[in-house]
Amino acid sequence: MVQITNHMPTAELQALDAAHHMHPFTTQSELAERGARVITRAEGSFIFDSEGNKILDGMAGLWCVNIGYGRQELVDAATRQMAELPYYNTFFMTTHVPAIALSAKLAELAPDHLNHVFYSSSGSEANDTNIRLVRTYWAEKGKPSKSIIISRKNAYHGSTLGGASLGGMGGMHAQGGLPIPDIYHIDQPNWWAEGGDTDPAEFGLERARQLEKAILELGEDRVAAFIAEPVQGAGGVIVPPATYWPEIQRICDKYEILLIADEVICGFGRTGNWFGSETVGWKPDIMTIAKGLSSGYQPIGGSIVSDEIAKVIGNCEFNHGYTYHAHPVAAAVALENLRILDEEGIVTRVRDETGPYLAKKWAEMAEHPMVGEAQIVGMMGSLALTPNKATRAAFKADAGTVGYLCRERCFANNLVMRHVGDRMIISPPLTMTLEEVDLLIERAWKSLDEGMAEAKKQGLWEEG
Ligand SMILES: *Cc1c(COP(=O)(O)O)cnc(C)c1O
């Protein structure tokens, strides 16, 4: 067996990768042709590839490396835990210290009434759990007909059958027979793309009131819960008009339905508070967590559940659970990650220093000739690209064509910035220094300049 190491030529690694590794959300034939970028190591806010490039990671991996790369404390926590107890389950009336300690810490950090944690290894699995949790909750309360979960188009809630069904991504529903029954989608609060001539504040109310309309149409006796990300992430970092959030809370309060806040991205400091729900003023019954919970150093997720739901579910045997529920190594690493976020004041720094600094610089990006709107909450931001700021026109190309061009220019300029359609998005490590924020902005601006020149060259630019 050949040793496959970092020292092999990139082309050989790419060929082996394309031959045997099926990539997520990728056209594999295209990947085989182009070869994947091989990431070999990372430090702080930077990743390094096999060609020796040092790339500023404007996405914190996939929105998850909140404390940055290379924290030895997390390595040590994993090593200690692996030596002491690498695995044990918490089925059959057993438990272990990492599970106990992490649960107690999460109960302390979460809003007052959320004190109980059910674990998974990912955000998708946690949302699958949530589907069963809320339906079981209502069944136990003698209302088994309350089984519909309302979500939003262009939401992202994961890639399992349940998670992708809750999500509102058309491309995902088109494959594999989704969504599963009793999931209902209302429109997203994306004023830029869908608001037309409506005033943004009005539009925010209208989109929130679609929830009320759906509850009334479907019947309150049929609806179990509403699920939403406080700020849509994978959908393109969509920040709704400020009128939206309180109206959602009002509607959830008025009708007997549960609010599930999917905090997989917004949680653990991303928006300048421990949880996005705090930033937007929601009082959820369940919060989905993953990603920043361990800063991506270990796969772990979960559902933080209200006292009321935990009490009701506690009356039955909940026939659900994963082998790696509260995995001791993952839990130990998550706990250490939370300690660092807390003791180093990283969350408050996002709120008081890095976040406001980035927000100011990000707002200036709106002056770029191709940027129609620059939105940001804490350390997650988006830029809507357009050839005409006044009309919010699309490019003379399929949606995403120009976004993709710009993403390629970012890579060439050693910056990871993703595109969702023709929106560019960032979600950098929360530990970024102010100098690194400057570097991000500088590279982003340069990449947009080059992307714009390329779009014009290809004839995709028409002010229309
Ligand atoms: C990433 C994400 C998920 C899915 O988490 P995985 O760990 O990839 O399964 C769910 N919800 C939101 C909001 C996400 O961003």
>> Of the residues A208, A234, only one is among the small types (G, A, S), more than 25 Å from G345 (Cβ to Cβ), in contact (Cβ under 8 Å) with a residue 40 or more places away in the chain and more than 16 Å from the ligand (Cβ to nearest atom); which?
In response: A208
>> Here is a list: A164, A225. Which entry is closer than 16 Å to D128 by Cβ and within 18 Å of the chain's Cα centre (by Cα)?
In response: A164
>> out of contact with any Cys (no Cβ under 7 Å at 6 or more places or on another chain) and farther than 29 Å from S50 by Cβ: is that true of A412 in this structure?
In response: no
>> I'd like to verify a number: residues in the range 74-128 that are of a type in the set (K, R) and either within 16 Å of the ligand (Cβ to nearest atom) or closer than 27 Å to I227 by Cβ (or both), how many?
In response: 1
>> So D253 ticks every box in (1) within 30 Å of D221 (Cβ to Cβ); (2) away from the ligand (no atom under 15 Å from the Cβ); (3) touching a residue at least 40 places away in the same chain (Cβ under 8 Å) but one. Which box is left unticked?
In response: (3)
> Considering A139, A174, A155, which residue is within 16 Å of the ligand (Cβ to nearest atom) and small (G, A, S)?
Replying inline: A155
> Can you find a residue in the range 288-297 that is free of Cβ contacts under 8 Å to residues at least 60 places away in the same chain, under 25 Å from E194 (Cβ atoms), in contact with a helix residue (DSSP H, G or I) (Cβ under 7 Å, 6 or more places away or on another chain) and not hydroxyl-bearing (S, T, Y)?
Replying inline: no
> Which one is surrounded by the fewest Cβ atoms within 10 Å (Cβ to Cβ), of the residues in the range 137-194 that are small (G, A, S) and touching an Asp or Glu at 6+ places or on another chain (Cβ under 7 Å)?
Replying inline: S145
> Only one residue in L56, L16, L31 is farther than 22 Å from A326 by Cα and surrounded by 18 or more Cβ atoms within 10 Å (Cβ to Cβ). Which one?
Replying inline: L56
> Are any residues in the range 296-306 over 15 Å from T129 (Cβ atoms) and away from the ligand (no atom under 13 Å from the Cβ), and if so, which ones?
Replying inline: Y297
> Which of the residues that make up the range 181-200 are over 20 Å from the mean Cα position of the chain (by Cα) and either in the same structural domain as I376 (by TED's automatic domain parsing) or within 16 Å of the ligand (Cβ to nearest atom) (or both)?
Replying inline: I183
>> For the list (1) crowded, with 23+ Cβ neighbours inside 10 Å; (2) on the phi < 0 side of the Ramachandran plot, I need the number of the one condition that G269 fails.
In response: (2)
> Would you pick out the residues in the range 142-152 that are away from the ligand (no atom under 12 Å from the Cβ) and among the small types (G, A, S)?
Replying inline: G142, S145, S147
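The values are calculated or read from the model by the stated rules, or taken from the named source; none is laboratory data. Every value quoted in this text rests on a predicted model; they were computed, and no experiment measured them. As a convention, Cβ positions derive from the backbone with ideal geometry for all residues, glycine included, and neighbour counts pool all protein chains shown.
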